[in-house]
Amino acid sequence: MQEFYYKKSIDRRPLQVPHEAAFHCIMQTLTFSTTFDILDDIRTFVGEQAREAGFNPKDVYSIQLAADEAASNVIEHAYDGKPNEKFEVSCEFRTDRLIVTLLDHGKAFDPSQVEEPDLKANLLDRKIGGLGIYLMRKLMDEVRYESTQTGNLLTLVKRKG
Amino acid sequence: MEINTKEFKHCDMVVVKGRVDSSTAPQFSKALDAIVEKNIYKIAVDMSGLEYMSSAGFRALLAAQRTCKHNHGEVVLASVPERIREALELAGFTELFKSFNDPLEAVGSL
């Protein structure tokens, strides 16, 4: 079955926000293996975090879909479908926004460099790729990517309301 | 994901339930391909029991629509849940697929 476990995980960093928002500022991190059957667990994980943070059902679905698309890309492109690798997904809620990050150590794959699909193109001409990335950008308020020595970091931000 | 195909006189209907993502989309594609391989190009997809669909499922639908339209047929959708309809809309797919409230209405349209 899937291999996901809570990593030491709790990152209590100094807070920029005062009073009651404080307890929310805990980062949860899970490690996943690079097979598509973990996508269910990723959606459950980010869905729970989003619901706890008070997002409405539509936004919860959007966050789950964006995280799924991001993770699918990591598995497919960063690791070329190799099943025995690992990557991390973190969720952090800060004041008015949920920040989902994916950290992998595979090939650099910058979604912002992927051409947007031409949604106005004729059905028969329409390219079949790039759709997941396009959705990710549409569903979230911010999508950032950086490739560093510690790995490739994709950050997805959803604001409340 | 659970998938069943029902045969009608003029078309086939695929009843897809649960979640379609990168893990399960290949099975969904297979079910659609199996219909096309029988030279049936009119397909209704009953989505009433569908909880979730990612772009992997959208791509399977698009590939089937392409083949069916090439052969003077069509893929139509029925009972698309709200969240999934919103995502299809974002992806620009609502223009590519006729959508019906009721599966039998979808079958009747083909």
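The values are calculated or read from the model by the stated rules, or taken from the named source; none is laboratory data. Quick caveat: nothing in here was measured; it's all calculated off a predicted structure. Here the Cβ is made from the backbone with ideal geometry for all residues, glycine too, and neighbour counts use every protein chain on show. SASA here: full protein model, heavy atoms, side chains in, ligands and nucleic acids out. Shrake-Rupley method; radii C 1.70, N 1.55, O 1.52, S 1.80 Å.
Some points to look at:
- With all protein chains kept in place, the per residue accessible area of chain B amounts to 45 square angstrom at a probe of 1.4 angstrom.
- Count of Lys pairs (Cα-Cα under 22 Å; at least 8 positions apart or interchain) in segment B:2-109: 22
- The C-alpha radius of gyration of the protein assembly as shown, expressed as a fraction of 2.2 N^0.38 Å, stands at 1.07.
- Chain A packed on chain B takes about 2300 Å² of accessible surface away from a 1.4 Å probe, both sides summed.
- List B:SER55, A:SER147, ordered by accessible area with a 1.4 Å probe, largest first: A:SER147, B:SER55
- Only DSSP H runs of four or more residues enter the estimate; each adds -39500 (n - 2.57), and after division by the residues of the protein assembly as shown the mean residue ellipticity at 222 nm equals -9500 deg cm²/dmol.
- Averaged over the residues of peptide B:57-69, the number of Cβ atoms from other protein chains lying within 10 Å of each residue's Cβ is 2.
- Label-to-label distance for A:GLU142 and A:GLU116 is 2.0 nm, based on points extended 7 Å past Cα in the beta-carbon direction.
- When the surface is traced with a 1.4 Å probe over the full set of protein chains, B:GLU37 keeps roughly 140 Å² accessible.
- Of the accessible area of segment B:2-109, computed with a 1.4 Å probe over protein heavy atoms only, carbon and sulfur atoms account for 46 percent.
- Inverse mean reciprocal Cα-Cα distance (Kirkwood Rh) of segment B:51-110, Å: 11.9
- Ligands, DNA and RNA aside, A:ARG159 has an accessible area near 90 Å² when probed at 1.4 Å.
- In segment B:2-109, the ratio of gyration radius to Kirkwood radius, Rg to Rh, stands at 0.91 when only Cα atoms are counted.
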